[in-house]
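Novice: Here it is, the structure, as structure tokens.
The values are calculated or read from the model by the stated rules, or taken from the named source; none is laboratory data. Keep in mind the model is a prediction, meaning the values are calculated, not measured. Cβ coordinates were reconstructed from backbone atoms using ideal geometry, including for glycine residues, and neighbour counts include every protein chain displayed.
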């Protein structure tokens, strides 16, 4: 009987997808863009609520007017197709309106992580080739500290966006909101000439080496992801109301949440940042039936004290990535969720997975040509056979995900061509082929009857990145910062698991200069000043010698296995406690709390 019910349940999810197989994919040369679909939404939904934020509400028509005014101002400033304007602003209505205004000209929005400071911020702005920088009042300080190193004209190339009016525009900037007040509200002719293949955003991603890289996201890829969220994942309608609290400089909130809204006319409740303690109260007060998540948020919600009425809320469907199998069922049942559309895909990747059929504990399926191949974790390299070809993993075993690069699955790459080439595996199965290296381990799953569609589960992230607090962190970036400290000769950085926490926390094994004893206060201040909170290593240990491979790569496998376990590590381990910004020695009592998931991570 259970097999029959499984068939019926799956069929209900699958049947609405059949018409999609007969829809002809849109050409990359087609004239369609973020700006044009916003204009269509404004025509279709007019005075209907589009967005609510901190007591303010804006209709679809009002939002389009605001974006037009911003676009007309930038046009007068000489911004044109292909130019980049960097944006540093928290989640708010002005962020989305500025983003769309930039795109209506065919210009590119460089989306800056709001945690960036110093050299990393300079690097990211320069990587985009930005002609202008839009900065929110709430983030003036980081920009003010680096503007002298950017080569932009003060008083002309910086646009200030007020945030509550607590501060006035500094003399080195122009007040964006004051200047657009007299600008035209009409749609722009330039928007009609933007093609799906044209770049829309630069979204920064932590790659396998060095500082963040600017991934190029075209209008077509944005709209494709928005389509997946709207039609296949969330199945949004104009009556839906989306709870959106993920940072909009990342793809999940922007592509899936905002994207689904503009294609369907659904409304959004926008929050600057997530609050587990306020979440359910706001969901009920706002009537949001849809939630865009990352796995860490779901774990934070489960950590809140249980209430008998937790499931008594309007939430019906959620979509996001990183919801781990160990909390999937509890999250779904406790909050009364009917549909979890987990997805998987890299910002810069050319293939995505989506849990279309609402199967539990899976990232779903894909129509792209993907393979899972053997990977030598210890030597950090793809395993090849005597002919030099990649080797498929046995069914059910984890393997490195690679996806074919061709006309149907283009790899837009980064602004840095060398970095783009490093993500490509060539000659994987035949001469001349090219495959995108995801850097992630996945496995195929048996999910019961699924109309022959292979389903996959995310296993782990490989190589030189680790994911912590919802952010991908480059081990090389963290290591390079640590290496700048005068006491540290060499730092080997890797991710380690903490019970009860998603992702992996950063840990660094340090080789000190001869005769040096680690100054915890100095190192703590160095880390605090040089790295955003999510990239700061949680653990440190001292080594007498640093093991390297024959090609001088730092060996991480044994260090990862030993982690911070006091019975496996010679010498002291130092820890940055949850919600603190300095290192202290890891005691047995604190270690016991960490492994028992009582330490607050």
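Novice: Of the residues 260, 276, only one is under 14 Å from residue 41 (Cβ atoms) and in contact with a helix residue (DSSP H, G or I) (Cβ under 8 Å, 6 or more places away or on another chain); which? Break it down stepwise before answering.
Specialist: Details: 276 fails: under 14 Å from residue 41 (Cβ atoms).
Exactly one residue qualifies, and that residue is 260.
Novice: Output yes when any residue across the range 193-215 is free of Cβ contacts under 8 Å to residues at least 24 places away in the same chain, surrounded by fewer than 23 Cβ atoms within 10 Å (Cβ to Cβ) and either over 24 Å from residue 86 (Cα atoms) or out of contact with any strand residue (DSSP E or B) (no Cβ under 7 Å at 6 or more places or on another chain) (or both), and no when none is.
Specialist: Looking through the range 193-215, none of the residues is free of Cβ contacts under 8 Å to residues at least 24 places away in the same chain, surrounded by fewer than 23 Cβ atoms within 10 Å (Cβ to Cβ) and either over 24 Å from residue 86 (Cα atoms) or out of contact with any strand residue (DSSP E or B) (no Cβ under 7 Å at 6 or more places or on another chain) (or both).
Novice: Return a yes/no flag: does the range 413-421 have any residue that is touching a residue at least 12 places away in the same chain (Cβ under 8 Å) and in a strand (DSSP E or B).
Specialist: Initial filter on the range 413-421 (touching a residue at least 12 places away in the same chain (Cβ under 8 Å)): 413-416, 419.
Next, only the ones that are in a strand (DSSP E or B) stay: 414.
Scanning the range 413-421, I find at least one residue that is touching a residue at least 12 places away in the same chain (Cβ under 8 Å) and in a strand (DSSP E or B), so the answer is yes.
Novice: All but one of (1) in contact with a helix residue (DSSP H, G or I) (Cβ under 8 Å, 6 or more places away or on another chain); (2) part of a strand (DSSP E or B); (3) over 27 Å from residue 278 (Cβ atoms) hold for residue 356; which doesn't?
Specialist: Exception for residue 356: condition (2).
Novice: Could I ask something else about it? Every residue in the range 516-539 that is more than 29 Å from residue 323 (Cα to Cα) and either in a strand (DSSP E or B) or in contact with a helix residue (DSSP H, G or I) (Cβ under 6 Å, 6 or more places away or on another chain) (or both), please.
Specialist: Across the range 516-539, the qualifying residue is only 530.
Novice: Among the residues of the range 468-490 satisfying the criterion of being part of a helix (DSSP H, G or I) and touching a residue at least 12 places away in the same chain (Cβ under 8 Å), which is farthest from residue 570 (Cα to Cα)?
Specialist: So the residue we want is 477.
Novice: Of all the residues that make up the range 421-430, how many are surrounded by 19 or more Cβ atoms within 10 Å (Cβ to Cβ) and under 21 Å from the mean Cα position of the chain (by Cα)?
Specialist: Total meeting the criteria: 1.
Novice: Name every residue in the range 244-264 that is more than 17 Å from the chain's Cα centre (by Cα), in contact (Cβ under 8 Å) with a residue 40 or more places away in the chain and surrounded by 21 or more Cβ atoms within 10 Å (Cβ to Cβ), in order of residue number.
Specialist: 261, 262
Novice: Still on this model: Of everything in the range 452-465 that's in a strand (DSSP E or B) and modelled with pLDDT under 80, which residue is surrounded by the most Cβ atoms within 10 Å (Cβ to Cβ)?
Specialist: So in the range 452-465, the residues in a strand (DSSP E or B) come out as 455-461, 465.
If we keep only those that are modelled with pLDDT under 80 too, we end up with 460-461, 465.
Values: 460: 14, 461: 17, 465: 22.
That would be 465.
Novice: Condition first: assigned to a loop (DSSP other than H, G, I, E, B), surrounded by fewer than 21 Cβ atoms within 10 Å (Cβ to Cβ) and without any contact (Cβ under 8 Å) to a residue 60 or more places away in the chain. Now tell me which residues in the range 491-515 satisfy that.
Specialist: Once the filter is applied, which keeps residues that are assigned to a loop (DSSP other than H, G, I, E, B), surrounded by fewer than 21 Cβ atoms within 10 Å (Cβ to Cβ) and without any contact (Cβ under 8 Å) to a residue 60 or more places away in the chain, the range 491-515 yields 513, 514, 515.
Novice: Any idea which residue in the range 373-392 is farthest from residue 557 (Cα to Cα), counting only those that are in a loop (DSSP other than H, G, I, E, B) and in contact (Cβ under 8 Å) with a residue 40 or more places away in the chain?
Specialist: This residue is 389.
Novice: Here's a follow-up. Within the range 558-572, can you find the residues that are out of contact with any strand residue (DSSP E or B) (no Cβ under 9 Å at 6 or more places or on another chain) and surrounded by 12 or more Cβ atoms within 10 Å (Cβ to Cβ)?
Specialist: Start the filter on the range 558-572 by keeping residues that are out of contact with any strand residue (DSSP E or B) (no Cβ under 9 Å at 6 or more places or on another chain), which leaves 558, 561, 567-568.
Result: no residue meets the conditions.
Novice: Then there's this: Among the listed residues 538, 575, 555, identify the single one that is surrounded by 12 or more Cβ atoms within 10 Å (Cβ to Cβ) and more than 19 Å from residue 501 (Cα to Cα).
Specialist: 555 is the lone residue from the list that is surrounded by 12 or more Cβ atoms within 10 Å (Cβ to Cβ) and more than 19 Å from residue 501 (Cα to Cα).
Novice: Now for a different question. Return only the number of the condition from (1) surrounded by fewer than 23 Cβ atoms within 10 Å (Cβ to Cβ); (2) in contact with a strand residue (DSSP E or B) (Cβ under 9 Å, 6 or more places away or on another chain); (3) at pLDDT 95 or above that residue 113 does not satisfy.
Specialist: That leaves (3) as the condition not met.
Novice: Oh, and also: Working carefully through the options 221, 231, find the one that is assigned to a helix (DSSP H, G or I), in the same structural domain as residue 89 (by TED's automatic domain parsing) and surrounded by 24 or more Cβ atoms within 10 Å (Cβ to Cβ).
Specialist: Within the list 221, 231, the selection yields 221.
Novice: Which condition from (1) more than 27 Å from residue 453 (Cα to Cα); (2) surrounded by 19 or more Cβ atoms within 10 Å (Cβ to Cβ); (3) without any contact (Cβ under 8 Å) to a residue 40 or more places away in the chain is the one that residue 370 breaks?
Specialist: So the condition that residue 370 fails would be (1).
Novice: Of all residues being surrounded by fewer than 17 Cβ atoms within 10 Å (Cβ to Cβ) and under 20 Å from residue 97 (Cα atoms) in the range 142-173, which is modelled with the highest pLDDT? Just the residue, please.
Specialist: Among those that are surrounded by fewer than 17 Cβ atoms within 10 Å (Cβ to Cβ) and under 20 Å from residue 97 (Cα atoms), it is 164.
Novice: Does the range 269-276 contain at least one residue that is part of a strand (DSSP E or B) and either touching a strand residue (DSSP E or B) at 6+ places or on another chain (Cβ under 6 Å) or crowded, with 21+ Cβ neighbours inside 10 Å (or both)?
Specialist: Looking through the range 269-276, at least one residue is part of a strand (DSSP E or B) and either touching a strand residue (DSSP E or B) at 6+ places or on another chain (Cβ under 6 Å) or crowded, with 21+ Cβ neighbours inside 10 Å (or both).
Novice: It is to be established whether one or more residues within the range 542-554 are farther than 29 Å from residue 115 by Cβ, touching a residue at least 24 places away in the same chain (Cβ under 8 Å) and not in a loop (DSSP other than H, G, I, E, B).
Specialist: yes
Novice: If you go through the range 30-52 one residue at a time, how many are over 12 Å from residue 238 (Cβ atoms) and touching a residue at least 24 places away in the same chain (Cβ under 8 Å)?
Specialist: Taking the range 30-52 as the starting set, the residues that turn out to be over 12 Å from residue 238 (Cβ atoms) are 30-40, 42-43, 47, 51-52.
Keeping just the survivors that are touching a residue at least 24 places away in the same chain (Cβ under 8 Å) gives 30-39, 51-52.
Qualifying residue count, the range 30-52: 12.
Novice: Also, I was wondering about something else. Need the failing condition index for residue 104 against (1) in contact (Cβ under 8 Å) with a residue 24 or more places away in the chain; (2) in contact with a helix residue (DSSP H, G or I) (Cβ under 6 Å, 6 or more places away or on another chain); (3) surrounded by fewer than 19 Cβ atoms within 10 Å (Cβ to Cβ), just the number.
Specialist: Tallying (1) in contact (Cβ under 8 Å) with a residue 24 or more places away in the chain; (2) in contact with a helix residue (DSSP H, G or I) (Cβ under 6 Å, 6 or more places away or on another chain); (3) surrounded by fewer than 19 Cβ atoms within 10 Å (Cβ to Cβ), residue 104 fails exactly one: (3).
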